[in-house]
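Visitor: Just passing along the structure, written as structure tokens.
The values are calculated or read from the model by the stated rules, or taken from the named source; none is laboratory data. Note that the structure is predicted; figures quoted are calculated from it, not measured. Every residue, glycine as well, gets a Cβ built from its backbone with ideal geometry; the counts of neighbours run over all protein chains shown. The protein model used for the area step is the full one, side chains on, heavy atoms only, and it has no ligands, DNA or RNA in it. Shrake-Rupley method; radii C 1.70, N 1.55, O 1.52, S 1.80 Å.
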Amino acid sequence: MKTKKLLLVSICSLFLVGCGEQTSSVLSQASSDSSVTETSQTSIDSVLEASSLLPSSIVQEDSSIASSTKEEEEKTIILTKAYPGLLDNSNGNINVGDDGYKMNNVFTMMKGTTIDFGSKKTISYDGTDFSSEGRFKLNGAGSTSSKSIKITATSAGKLRFCCQSASGSDSSRTWSISKAGEDPIFTSEDGVSATTPDYFEFNIPEAGEYYLYSSVNGINIYYLDFTQELALGKETGFEINSDNMQKDYLIGDDISLANLLANAVYSSGARMEIKPADLEIDTSAYNKASAGEYQIGISYKTYAKQFVTVKVHAVKAIKSYYEHIQKSSGSKADAILRTPTIYRVNDAISSENIIVKAVTDDNKEMNITSRATITLPDMTSAGKKSIGVKYSNNNVEHTADISITVLDLTLSLDDKEEYNLAVSKEVTSEGELINNVPTFSSIQKAHDFYKSLKASNASITNRMNIHLGEETYEEKVYIEIPNVTLIGSLNEANHPNTTIAYSLHADSVDASGNAWSTYGSSTLSVNKNATGFKAENLTIKNTAFNTMDEYNNCNSGNKQAVAAVLDCDATFDNCYFYGFQDTLYARLGHQVYNDCYIQGMTDFIFGEDVEAIFNGGTIHCLNRNSTTNGGYICAPKPSSDTSVQVGFFFNNMTITAEEGVTQGTVSLARPWGKFARVTYANCTMPDAISKKAYGDTSDKKNPRFDQMSGNLPTNAHFAEYNNTGDGAIKTAVSGGSILTETEYQALVTLVQNL
């Protein structure tokens with residue numbers, strides 16, 4: 001009886017698109033199982049159960065199967081795996097654009113998704129520990145075109161995956177499988193866990209393209225594999241996969257063939273990895289001493305030679321990056337790594353957070369930090385100094401020194417026992433006295449002088465004022481010490497004419513190539529150590545988008561662009577916040593906003609464990625150009641039902657809408673977390689505010705209070721009291737409540753006692 005060959009192949013060659021970093025290819029070679037015959041109809045399930053292969057295992061290939069003379073009836077089982085740990089996670093998160101992200105022959109991530117390396121879930125599957133491997137983030141409700149994983153099947157097979165809800169409090173999210181352009185062919189009956197990853201499987205019925213996603217809201221995928229059994233067929237050629245191979249070099253660099261992959265191609269559509277020893281690679285054209293493009297030839301058997309183009313670059317300059325570098329954990333930039341440029345005599349200084357890049361002849365930037373020489377200056381005396389940065393290439397020395405100022409400056413307290421510094425673009429030297437006040441050229445420099453002062457005397461509790469002029473300060477500002485006040489100026493109409501502006505959105509990347517995320521995109525960031533922060537008479541803008549056309553034309557999957565994020569107790573007086581999506585991130589602490597203006601269109605006032613009190617001022621809803629969805633004002637996410645008492649409290653505010661916002665389409669709030677608390681009291685509301693009850697399906701317009709991330713407004717704490725205007729209601733609708741006078745007075749007492 002003729003023996004049927006069974007081949008188990010683990011194809012795990014995920015790779016980083018468009019980067020020069022090296023990653024490990026993990027591919028198991030073919031194995032013949034002579035004990036399996038035509039009469040022992042071994043199923044895919046039994047093969048998987050019997051398999052003890054780990055992703056790093058290598059099984060000796062059966063040369064008879066590798067031959068190009070295989071018979072059509074010979075069967076092959078191909079097992080393809082994918083999980084983020086196979087990528088080089090030093091490159092941070094990968095945000096998938098319109099072109100998708102092809103991980104191997106089977107799995108492709110579609111646009112609007114993220115490969116996140118910060119997840120710390122403890123998971124084990126197929127003998128592999130995924131305790132820090134990361135996740136594929138399917139952000140929000142998906143489809144066959146976005147926020148999904150495409151499975152390209154060349155035959156019927158079994159899909160297995162490990163997933164969890166993207167919300168830590170929502171276990172109602174289901175997963176679906178669809179074919180392109182079709183309704184789901186299957187949707188899970190039960191939601192996936194919000195706390196512990198679950199394992200699922202689905203039998204792909206036939207060859208084709210399938211999509212895995214959640215049609216409700218986001219889920220996280222930690223592991224996938226797909227097993228196909230098919231006739232191997234005859235070998236018809238070979239193909240090169242050079243996506244993960246380094247193709248850009250500097251003059252003097254040796255060529256690297258690591259991660260150059262080749263697959264034999266069969267008439268069945270199967271791909272089998274070719275051993276490097278079976279390839280002939282010709283690098284003779286490569287000349288590391290001269291800039292230019294070079295062809296690397298790859299030959300296999302008698303098939304036509306294929307080529308990979310690599311490039312050697314000349315270096316025309318180098319750059320030093322010492323700010324706007326983040327250390328991220330999960331979805332948040334939990335630390336900003338930067339090198340200050342203002343110091344006091346005898347301060348410590350470090351080069352740890354400096355990144356150096358070579359600028360090539362075609363303006364490509366390549367990281368050369370490990371090859372650069374960084375020299376720190378003497379800090380025992382005052383003066384203008386430099387952190388020396390140099391790099392030599394092709395006998396040419398390039399420099400990119402970082403200018404710093406070391407000051408021997410003593411501050412005096414004013415009659416209020418407060419410190420005062422000023423900021424002006426007109427300053428000629430850092431710390432110079434203008435109107436008897438030490439003045440700096442940027443907000444960050446003034447802050448960093450205070451930070452140095454605080455570091456030398458931790459007991460200082462005096463308020464540290466920074467006075468700003470009638471200017472626009474184009475900088476990303478980090479407040480990292482307590483009791484700082486930013487003080488702007490007013491025009492004749494009593495509006496701020498001091499502006500802080502910066503342009504970043506969630507998919508923007510820092511010098512390390514890490515996506516900033518929603519949290520990190522903020523123009524003004526006030527961290528947890530900066531308690532007691534105050535701001536007066538300021539306009540704070542995120543200028544990533546200035547018009548709706550700019551927002552709509554951005555191809556990024558994550559367009560959140562925050563004006564300010566606050567992680568501590570803070571007070572804002574007469575401040576204006578400008579953005580589109582996620583404008584004000586009132587995240588943690590006890591915060592008060594007096595007579596402030598906040599504009600946006602999607603969840604533009606949002607936060608977590610925060611008591612945020614808004615007294616007076618304006619909420620302005622931008623025109624989304626939709627006749628049914630006018631946007632969402634507020635999205636809170638307390639961590640528990642007792643972590644906040646009031647949540648978001650909007651009192652005596654005026655809500656306005658930009659011209660063109662359709663009547664009855666703006667939602668007042670939706671619960672980012674199921675314990676959300678929001679109250680609108682004594683507010684004036686336009687007719688743009690929806691009056692529709694949650695669950696009303698009479699039209700497609702937004703309800704007054706909507707659902708979010710699987711959290712229903714009917715389970716949240718959404719309330720109103722004594723609102724007026726065309727958008728006000730007197731009788732509660734589903735999703736919210738109307739407070740009685742007694743309930744309102746009790747709430748006011750709570751607010752006063754916070």
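Visitor: Run the simple label-point estimate for S503 and D190 please: 7 Å along Cα→C-beta, distance reported in nm.
Guide: 5.0
Visitor: Once phi is turned into ³J(HN,Hα) by the Karplus curve 6.51 cos²θ - 1.76 cosθ + 1.60 with θ = phi - 60°, what whole-Hz value does each residue of the range 562-567 show in order, with x for glycine and proline?
Guide: Running phi through 6.51 cos²θ - 1.76 cosθ + 1.60 with θ = phi - 60° gives 8, 7, 9, 10, 10, 10 Hz.
Visitor: In sequence order, what are the phi-derived ³J(HN,Hα) couplings for the range 154-163 according to the Karplus relation 6.51 cos²θ - 1.76 cosθ + 1.60 with θ = phi - 60°, rounded to whole Hz, with x for glycine and proline?
Guide: 9, 6, 4, x, 10, 9, 10, 7, 10, 9
Visitor: Across the Cα atoms of the chain, what radius of gyration and what greatest pairwise Cα-Cα distance (Dmax) are found, in Å?
Guide: Every Cα atom of the chain included, Rg and Dmax give 29.8, 102 Å.
Visitor: A further question follows. Accessible surface of Y576 in the full protein assembly, 1.4 angstrom probe, to the nearest 10 Å²?
Guide: In the full protein context, Y576 sits at about 40 Å².
Visitor: Here is a further query. Can you sort Y721, Y450, Y694 by 1.4 Å-probe accessible area, starting with the largest?
Guide: Largest to smallest exposure gives the sequence Y694, Y721, Y450.
Visitor: Leaving out ligands, DNA and RNA but keeping every protein chain, what accessible area does T627 have, in Å² rounded to the nearest 10, with a 1.4 Å probe?
Guide: Approximately 100 Å² for this residue.
Visitor: What's the angle, to the nearest 10 degrees (0 to 90), between helix 443-456's Cα axis and the longest principal axis of the chain?
Guide: 90
Visitor: Can you give the FRET efficiency for D378 and D129, using 1/(1 + (r/R0)^6), R0 = 56 Å, r = Cβ-Cβ distance, to the nearest 0.05?
Guide: The value I calculate is 0.70.
Visitor: Determine ³J(HN,Hα), in whole Hz, for all residues of the range 578-583 in sequence, where each value follows from phi through the Karplus function 6.51 cos²θ - 1.76 cosθ + 1.60 and θ = phi - 60°; x replaces Gly and Pro.
Guide: With coefficients 6.51, -1.76 and 1.60, one gets 10, x, 10, 10, 6, 6 Hz.
Visitor: Quick check: Cα centre of the range 183-213 to Cα centre of the range 533-590, how many Å?
Guide: After rounding, the separation between the Cα centres reads 37 Å.
Visitor: Return the calculated 222 nm mean residue ellipticity for the chain, to the nearest 500 deg cm²/dmol, obtained by summing -39500 (n - 2.57) across DSSP H runs with n ≥ 4 and dividing by the residue count.
Guide: Per the formula, -1500 deg cm²/dmol.
Visitor: Relative to the present Cα-Cα distance, how much length would full extension add between S145 and T122 at 0.36 nm per residue of separation?
Guide: Value of the extension gain: 5.2 nm.
Visitor: Okay, next question. Could you state the angle between the C-alpha long axis of helix 741-752 and the longest principal axis of the C-alpha atoms of the chain, as a value from 0 to 90 degrees rounded to the nearest 10?
Guide: That works out to roughly 90 degrees.
Visitor: In terms of modelled amide H atoms, which long-range or inter-chain residues lie less than 5 Å from the amide H of D401?
Guide: Correct list: V389.
Visitor: Right, here's the next one. Express in whole angstrom the spacing between the alpha-carbon centres of the range 360-432 and the range 248-320.
Guide: 41
Visitor: Same structure, new question: Relative contact order, percent, of the chain when contacts are C-alpha pairs under 8 Å separated by at least 6 residues? Don't skip to the answer; put the middle values down first.
Guide: On the way: 2110 pairs, mean separation 51.7, N = 754.
Relative contact order comes out at 7 percent.
Visitor: For a label point 7 Å from the Cα of K234 along Cα→C-beta, name the residues of the range 243-286 whose backbone N is under 15 Å from it.
Guide: The answer is 265-269.
Visitor: Out of all Cα-Cα pairs in the range 664-754, roughly what percent, to the nearest whole number, are more than 24 Å apart?
Guide: For the range 664-754, the fraction of Cα-Cα distances above 24 Å is 18 percent.
Visitor: Once you list every other residue whose beta carbon is under 14 Å from the beta carbon of D448, what net charge do they have if Lys and Arg are +1 and Asp and Glu are -1?
Guide: Net charge in that neighbourhood comes out at +1.
Visitor: So for E209, E239, what's the accessible-area order with a 1.4 Å probe, most first?
Guide: The ranking, largest first, comes out as E209, E239.
Visitor: Sorted from largest down, give the three principal axis spans of the alpha carbons of the range 421-568, whole angstrom values.
Guide: 49, 38, 27
Visitor: Where does the range 189-315 land on Rg(C-alpha)/(2.2 N^0.38 Å)?
Guide: Dividing the Cα Rg of the range 189-315 by 2.2 N^0.38 Å gives 1.52.
Visitor: Right, next: Give me, ordered by chain and number, the residues 5 or more places off V315 or on other chains with an amide H under 5 Å from its own placed amide H.
Guide: The list, which skips near neighbours in sequence, is I251.
Visitor: For I185, what residues show an amide H to amide H distance below 5 Å, using hydrogens built from the backbone and excluding near sequence neighbours?
Guide: Excluding prolines and chain starts, which carry no amide H, the hits are I177, S178, K179.
Visitor: To continue, here is another question. Write down the radius of gyration of the range 139-186 and its Dmax, each obtained from C-alpha positions, in Å.
Guide: Considering the range 139-186 through its Cα atoms, Rg and Dmax are 12.2, 38 Å.
Visitor: Tell me, what is the FRET efficiency for D361 and D278 to the nearest 0.05, using R0 = 51 angstrom and their Cβ-Cβ distance as r?
Guide: Taking R0 as 51 Å, the efficiency between D361 and D278 is 0.90.
Visitor: If you don't mind, another one. Contour minus end-to-end for T742 and K319, with contour as 0.36 nm per residue of separation and end-to-end as the Cα-Cα distance?
Guide: 146.0 nm
Visitor: Oh, and also: Note down the nm distance, to one decimal, between modelled labels 7 Å out along Cα→Cβ at S626 and at S392.
Guide: Here the answer is 6.0 nm between the modelled labels.
Visitor: Something else now. Kindly state, to the nearest 0.05, the FRET efficiency for L257 paired with T302, given R0 = 35 Å and r defined as their beta-carbon distance.
Guide: 0.95
Visitor: Scaled to the compact-protein estimate 2.2 N^0.38 Å, what is the alpha-carbon radius of gyration of the range 280-421, rounded to two decimal places?
Guide: Working: Rg = 23.3 Å, N = 142, 2.2 N^0.38 = 14.5 Å.
After normalising by residue count via 2.2 N^0.38 Å, the value is 1.61.
Visitor: I want to check the label-to-label distance for N346 and K179. Put each point 7 Å from Cα in the C-beta direction and report it in nm to one decimal.
Guide: 7.8
Visitor: Also, quick follow-up: Taking one equal scatterer on every alpha-carbon of the range 119-223, how large is log10 of I(q)/I(0) by Debye at q = 0.09, 0.11, 0.12 1/Å?
Guide: -0.21, -0.31, -0.37
Visitor: Would you mind working out the accessible area per residue for the chain, using a 1.4 Å probe, and quoting it in Å²?
Guide: Accessible area per residue: 41 Å².
Visitor: Want the number for S459 to T684: 0.36 nm per residue separation, take away the alpha-carbon distance, what's left?
Guide: Fully extending the segment from S459 to T684 adds 76.4 nm.
Visitor: Right, next: Considering only DSSP beta bridges whose two residues both sit in the range 379-519, what percent are antiparallel, to the nearest 5?
Guide: 50
Visitor: Same structure, new question: Have a look at I274, A515, S176 and report the one farthest towards the positive end of the charge dipole of the chain, computed about the Cα centre with Cβ charges (Lys/Arg +1, Asp/Glu -1).
Guide: Toward the positive end, the furthest listed residue is I274.
Visitor: How fast does the range 581-645 diffuse by Stokes-Einstein, in µm²/s, taking the Kirkwood radius from C-alpha pairs at 20 °C and 1.002 mPa s?
Guide: Diffusion coefficient, whole number: 171 µm²/s.
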